[in-house]
1. Which condition from (1) touching a Phe, Trp or Tyr at 6+ places or on another chain (Cβ under 9 Å); (2) loosely packed, with under 14 Cβ neighbours inside 10 Å is the one that His265 breaks?
2. Of the numbered conditions (1) under 20 Å from Asn135 (Cβ atoms); (2) of a type in the set (S, T, N, Q); (3) assigned to a helix (DSSP H, G or I), Ser110 satisfies every one except a single condition; which is it?
3. Might you let me know whether segment 67-82 holds any residue that is within 20 Å of Phe173 (Cα to Cα) and within 12 Å of the ligand (Cβ to nearest atom)?
4. Give Asp317, Asp355 a once-over and let me know the one that is assigned to a loop (DSSP other than H, G, I, E, B) and either on the phi > 0 side of the Ramachandran plot or within 16 Å of the ligand (Cβ to nearest atom) (or both).
5. Determine if segment 39-54 includes at least one residue that is among the polar types (S, T, N, Q) and within 29 Å of Val356 (Cβ to Cβ).
6. Tally the residues that are out of contact with any Leu (no Cβ under 7 Å at 6 or more places or on another chain), of a type in the set (A, V, I, L, M) and either farther than 19 Å from Val366 by Cβ or at pLDDT below 95 (or both), restricting the search to segment 129-152.
7. Would you be able to tell me the number of residues in segment 134-160 that are near the ligand (Cβ under 10 Å from one of its atoms) and over 25 Å from Pro359 (Cα atoms)?
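The values are calculated or read from the model by the stated rules, or taken from the named source; none is laboratory data. Just so we're clear, the structure is a prediction, and the values are computed from it rather than from any experiment. Quick reminder, even Gly has a Cβ in these numbers, built from the backbone with ideal geometry, and neighbours come from all protein chains shown.
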Amino acid sequence: VMAEKAGYNHFMQKEIYEQPRAIIDTIRGNYSLENSSVSFPDFNIIKDAVKDLNRIVIVACGTSWHAGLIAKFYIEKFAKMPVEVDIASEFRYRSLVIDEKTLFVAITQSGETADTLSALRVAKKMGAKIMSVCNVVGSSISRESDSVIYTHAGPEIGVASTKAFTTQVISLFMFAMFLGQERKILSRDECGRYLAEVVRLPEVIENVLSKDDLILSLAKQFKDASDFLYLGRNVNFPVALEGALKLKEISYIHAEGYAAGEMKHGPIALIDKTLPVFVLCPKSSVYEKVASNVEEVKTRDGIVIAVVTEGDEGLKDICDYMIEIPDIIEELSVFPTVVATQLFSYHCAHLLGLDVDQPRNLAKSVTVE
Ligand code: G6P
């Protein structure tokens, strides 16, 4: 078993470290990036339908749902199409507004999640075009889709999803650019500028992985906390949800992910000197807003661990701990921020002596509704 783990302690750790490679493989495996534009070699069905589509409905469960929440920002920005993101088990049980102008997108690592598959079948019956983002070739959901974007993460063994998530997010980023081009909203110049940032991702993630010792020392310090709050805004709000989910899943530490600006409407009541607050605050259009949320936490004596862009001066004197990540455009900052949260959760669980790859009560793929 040690051999399969290639020297890592756990599959999850190995999979966290594989992300730079997995992202490169996913880009190479799906898209051609010629002349500052994105094209999908095998994407005719959706391509023909692009001009007739007026709405996108994304459905998924767990970590894949978080990828969907991020994709909404990408598609609205690049393609100016309305996007709804739903939890698969919620999707079916209400009056759906779906027709043949709807593109239904299922996001699923396994391609076998029962709730997601059932949602897909309902949408298909109502006439929607079906696309999926999936990591397993030949899985049920990929077989029932009109078009599939395969993530090339390779097998993911750890129950807590890591490389499947980041490859889903890059797939959806590229898909959003593709839609933007087809709909003549994203210019070639803009597309070229975004692609230049995309190709930096492996190196940006490597940089975060090189901060592993720092993150381990933070885990040593906080692994015995009973509660955690994760805060982020905009694209980093779903990362706050994902960071909290990961900590719950493998460390069994109660954690809540919240939109930073919404903190004052509830969770602020929980803040005292024992509560660690993990804040995702890279350079962004909402940086000042998140920074002021950090001050609100500090005023109430909360402990702040902030993920910030290298060279950030603004938060230095307010935060208790900082994890610096390389500068990258806001849309893609979710990659370095999520990797920091993955490493943190991993180390907490490992230090607590828990079964990182097989956490209690959880299954890698949930095939019952
Ligand atoms: C399970 C796994 C999660 C995963 C979710 C959705 O709960 O433990 O890691 O995010 O299912 O799985 P899928 O295969 O559809 O992405």
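1. Against the list (1) touching a Phe, Trp or Tyr at 6+ places or on another chain (Cβ under 9 Å); (2) loosely packed, with under 14 Cβ neighbours inside 10 Å, His265 comes up short only on (1).
2. It is condition (3) that Ser110 fails.
3. First, pick out the residues of segment 67-82 that are within 20 Å of Phe173 (Cα to Cα): 67-82.
Subset that is within 12 Å of the ligand (Cβ to nearest atom): 67-68.
Yes; the residues of segment 67-82 include at least one that is within 20 Å of Phe173 (Cα to Cα) and within 12 Å of the ligand (Cβ to nearest atom).
4. Asp355
5. Going through segment 39-54, the residues among the polar types (S, T, N, Q) turn out to be 39, 44, 54.
Cutting the leftovers down to within 29 Å of Val356 (Cβ to Cβ) gives us none.
No, there is no match, as no residue in segment 39-54 is among the polar types (S, T, N, Q) and within 29 Å of Val356 (Cβ to Cβ).
6. Residues of segment 129-152 that are out of contact with any Leu (no Cβ under 7 Å at 6 or more places or on another chain), as a first pass: 132, 134-139, 142-143, 145-152.
Adding the requirement that they be of a type in the set (A, V, I, L, M) leaves 136-137, 148-149.
Of the ones still in play, those that are also either farther than 19 Å from Val366 by Cβ or at pLDDT below 95 (or both) are 137, 148-149.
Matching residues across segment 129-152 total 3.
7. 1
Listed here are the residues, each with its yes/no results for (1) of a type outside the set (Ser, Thr, Tyr); (2) over 19 Å from Thr341 (Cβ atoms).
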| residue | (1), (2) |
| --- | --- |
| Thr299 | no, yes |
| Gly302 | yes, no |
| Val307 | yes, no |
| Gly314 | yes, yes |
| Asp317 | yes, yes |
| Ile325 | yes, no |
